[in-house]
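Peer 1: Let me give you the structure first, and then I'll get to my questions.
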Amino acid sequence: MINIKIYIPNILTFSRILLAPIFLYFLFSNFDHSKLVALIIFLIASITDAFDGFYARKYNLVTKFGIFFDPIADKLLVLSAFYGFIFIPILSSEVKLWMILLISFRDIFVTILRLIMEYKGMTMITSKLGKVKTIFQMTTIIFVLMYLIMFSYDINYWQFISEKSIIYFCMFVTTLITFYTGVHYCCYNYKFLQGLFLKK
């Protein structure tokens with residue numbers, strides 16, 4: 001009999017990959033409650049992100065599949081949300097392309113670096129700043145989704161948020177923290193980067 005428990009972390013990782021396009025579908029839809037559904041899907045995907053790693057470490061179920069696809073699934077979900085926001089007219093003055101490009105560059109670069117190090121049998125030196133970055137990104141995305149929900153339901157608070165440029169401020173801070181953590185990772189893993197890019 002197949003023990004399904006050993007596949008739970010990988011199933012959760014794969015489900016996050018599948019949920020990303022579904023999230024985008026509801027994000028861009030205009031029917032009743034679509035933005036609320038998008039938020040729920042994002043929250044479910046975020047929970048799988050937190051749970052699959054915890055479950056894999058607790059029961060020693062870390063696999064090559066999980067090592068490779070887990071960070072990809074994470075970045076796919078987060079970047080899908082940020083890039084999706086660019087194409088929503090009401091967010092045009094709040095979410096800027098340069099912010100998304102900086103976030104993308106950092107997340108993709110660090111993910112590729114981590115995968116290369118894992119391939120070479122090395123472990124990336126991390127810090128608590130990575131978790132802080134994740135918290136800021138997730139919080140900002142959820143806040144923006146709640147703003148879109150208020151707008152779709154014509155709840156008055158969306159006007160206050162827009163007038164005070166709160167979303168712009170959240171995006172600005174999130175972008176700076178995300179980019180800074182990328183620089184921080186490079187400093188922590190300087191010896192590996194030096195050997196990787198300056199290797200003759």
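The values are calculated or read from the model by the stated rules, or taken from the named source; none is laboratory data. This is a predicted model, so every value here is computed, not measured. As a convention, Cβ positions derive from the backbone with ideal geometry for all residues, glycine included, and neighbour counts pool all protein chains shown. Side chains included, ligands, DNA and RNA excluded: accessible areas come from the protein's heavy atoms. Shrake-Rupley method; radii C 1.70, N 1.55, O 1.52, S 1.80 Å.
To keep it simple, each residue is scored yes or no on (1) of a type in the set (D, E, K, R); (2) under 17 Å from Thr13 (Cα atoms); (3) in contact with a Pro (Cβ under 8 Å, 6 or more places away or on another chain); (4) at pLDDT 90 or above.
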| position | (1), (2), (3), (4) |
| --- | --- |
| Phe51 | no, yes, no, no |
| Asn60 | no, yes, no, no |
| Leu77 | no, yes, no, yes |
| Phe82 | no, no, no, yes |
| Leu91 | no, no, no, yes |
| Ile103 | no, no, no, yes |
| Met124 | no, no, no, no |
| Ile142 | no, no, no, yes |
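Peer 1: Go over the candidates Leu24, Leu39, Leu12 one by one and state the one that is in a helix (DSSP H, G or I), surrounded by 17 or more Cβ atoms within 10 Å (Cβ to Cβ) and modelled with pLDDT under 95.
Peer 2: Just one listed residue meets the conditions, Leu12.
Peer 1: Of the residues that sit in the range 55-103 and are among the polar types (S, T, N, Q) and more than 13 Å from the chain's Cα centre (by Cα), which one is least open to solvent (accessible area, probe 1.4 Å)?
Peer 2: Thr63
Peer 1: Does Thr134 satisfy the criteria of being modelled with pLDDT of 95 or more, out of contact with any Pro (no Cβ under 9 Å at 6 or more places or on another chain) and crowded, with 16+ Cβ neighbours inside 10 Å?
Peer 2: Here the answer is no, as Thr134 does not meet what is asked.
Peer 1: Grab the helices (runs of 4 or more DSSP H) fully contained in the range 85-200, keeping just those with 1 or more residues being within 30 Å of Ser34 (Cα to Cα) and free of Cβ contacts under 8 Å to residues at least 60 places away in the same chain.
Peer 2: Once the helices (runs of 4 or more DSSP H) in the range 85-200 are filtered for at least 1 residues that are within 30 Å of Ser34 (Cα to Cα) and free of Cβ contacts under 8 Å to residues at least 60 places away in the same chain, what remains is 97-119, 128-152, 157-163, 166-188.
Peer 1: Taking the range 42-54 as the search range and keeping residues that are without any contact (Cβ under 8 Å) to a residue 40 or more places away in the chain and aromatic (Phe, Trp, Tyr), which one is surrounded by the most Cβ atoms within 10 Å (Cβ to Cβ)?
Peer 2: Looking at the filtered set, the residue picked out is Phe51.
Peer 1: Please work out which one of (1) modelled with pLDDT under 90; (2) open to solvent by 30 Å² or more (accessible area, probe 1.4 Å) is the condition Tyr185 fails and give its number.
Peer 2: The number of the failed condition is (2).
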